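One structure is given below, encoded as structure tokens.
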Amino acid sequence: MKREINYKIKMNNGIEIPQFGLGVYLTKSGTECINAVTWALETGYRHIDTARIYGNEKEVGEAVRNFGIKREDVFITTKLWNDDHGYDSALKAFDKSLKTLNVDYIDLYLIHWPVKGKRKDSWKALEKIYESGYCKSIGVSNYMINHLDELFSYANVIPAINQVEFSPYNYQKDLLDVSNRNKIILEAYSPLTRMKKLDDPKILPIAEKHHKTVAQVLIRWAIEHNLVVIPKSAHKNRIIENADIFDFSLDESAMKILDNLDEGFRYSWDPTKID
């Protein structure tokens, strides 16, 4: 599978999203975030993923503007946090994020977490936001199959994206299959397992064969599965390293090894516990 850093995948509404991007979760507001986004843009990234709860929307917008790139040439995602669920609250939260980012529109707005009892009202608000044109696409995050099934019962707009924790060690194949059947792109956060599995002896031979790091193999695995993938780093060398995954591919035998590493490993929240 031949890809390049700015390769885009068409979502179910016809909008294209760069398959590879930078996540800024836990990236400190201020200089750290501005530097990380700037280094990413310099490296060729064209997709930045933030959220209201991260506290760095302002810096993401500032870094993009200061870099001088055309607004239409960079894809910006942000998210609705739990405290802002509900129809009116979600509308206000989106307006606040739009203002904080200081952009004319947001490319993708996600429900960050499936808050029980409020998901329907929040999704209806996102549909309204989508209709307004100030948001080009809408989706969800941390939605499991039961949450998607519920959403399908009332949604007029099917999510373009479902962003979840996803790696070979948390290979949610059933969720991926459901997403593919419904033309929802699965987006992988924490694809590097927060560095917890980078010494796995099962992956080291694959990395050595391609003269790559284990981290690069894990990111490439997501690319081979046609996922959108957003590794996070605030370090320049790692931002560059994470992007250096487009000059090799994984063959069937390597993918089989990686696909069989699933152990339900989660570093972040566990949405399977949410009804």
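The values are calculated or read from the model by the stated rules, or taken from the named source; none is laboratory data. Being a predicted model, the structure only gives us computed values, none of them experimental. We place every Cβ from the backbone using ideal geometry, glycine too, and count neighbours over all the protein chains shown. The area values use the complete protein model at the heavy-atom level, side chains included, leaving out ligands, DNA and RNA. Shrake-Rupley method; radii C 1.70, N 1.55, O 1.52, S 1.80 Å.
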Handout entry: Leading residue by the ranking (least open to solvent (accessible area, probe 1.4 Å)) among those in region 2-45 that are assigned to a helix (DSSP H, G or I) and acidic (Asp, Glu)
Key = Glu32
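Yes/no per residue for (1) out of contact with any helix residue (DSSP H, G or I) (no Cβ under 6 Å at 6 or more places or on another chain); (2) in contact (Cβ under 8 Å) with a residue 40 or more places away in the chain; (3) farther than 18 Å from Val164 by Cβ:
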site	(1), (2), (3)
Ile17	yes, yes, no
Ser29	no, no, yes
Ala40	no, yes, yes
Thr43	no, yes, yes
Asp84	no, no, yes
Problem - region 63-80: number of residues that are under 20 Å from the mean Cα position of the chain (by Cα) and surrounded by fewer than 18 Cβ atoms within 10 Å (Cβ to Cβ) - result: 3
Practice task
Go through (1) within 27 Å of Asn182 (Cβ to Cβ); (2) open to solvent by less than 40 Å² (accessible area, probe 1.4 Å); (3) polar (S, T, N, Q) and name the single condition Asn56 misses.
Solution key: (1)
Practice task
Hey, can you tell me all the residues within region 109-152 that are on the phi > 0 side of the Ramachandran plot and either β-branched (Val, Ile, Thr) or open to solvent by 40 Å² or more (accessible area, probe 1.4 Å) (or both)?
Solution key: Gly117
Exercise for the section: Give just the number: which of (1) in contact (Cβ under 8 Å) with a residue 24 or more places away in the chain; (2) basic (Lys, Arg); (3) closer than 29 Å to Ile5 by Cα does Lys70 not satisfy? Expected result: (1)
Practice task
Select, from Ala155, Ala90, the only residue that is over 30 Å from Ala215 (Cα atoms) and crowded, with 22+ Cβ neighbours inside 10 Å.
Solution key: Ala90
Handout entry: Residue that is modelled with pLDDT of 95 or more, open to solvent by 20 Å² or more (accessible area, probe 1.4 Å) and either under 20 Å from the mean Cα position of the chain (by Cα) or more than 26 Å from Asp247 (Cα to Cα) (or both), where the choices are Lys212, Lys173
Key = Lys173
Exercise for the section: Would you check if there is a residue in region 154-166 being out of contact with any Cys (no Cβ under 9 Å at 6 or more places or on another chain) and over 29 Å from Asn226 (Cβ atoms)? Expected result: no
Handout entry: Residue satisfying condition, being closer than 20 Å to Pro114 by Cα, open to solvent by less than 10 Å² (accessible area, probe 1.4 Å) and among the hydroxyl-bearing types (Ser, Thr, Tyr), within set Ser167, Ser190, Ser179
Key = Ser179
Problem - Residues located in region 1-15, provided they are among the basic types (Lys, Arg) and either under 21 Å from Ile161 (Cβ atoms) or at pLDDT 95 or above (or both) - result: Arg3, Lys8, Lys10
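Residues are listed down the side, and each one gets a yes or a no for (1) within 26 Å of Thr77 (Cα to Cα); (2) charged (D, E, K, R); (3) touching a helix residue (DSSP H, G or I) at 6+ places or on another chain (Cβ under 8 Å); (4) without any contact (Cβ under 8 Å) to a residue 60 or more places away in the chain:
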| site | (1), (2), (3), (4) |
| --- | --- |
| Glu165 | yes, yes, no, no |
| Pro191 | yes, no, yes, yes |
| Trp221 | yes, no, yes, yes |
| Phe248 | no, no, yes, yes |
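Can you name every residue in region 164-181 that is over 14 Å from Asp262 (Cα atoms) and of a type in the set (A, V, I, L, M, F, W, C)?
Correct list: Val164, Val178.
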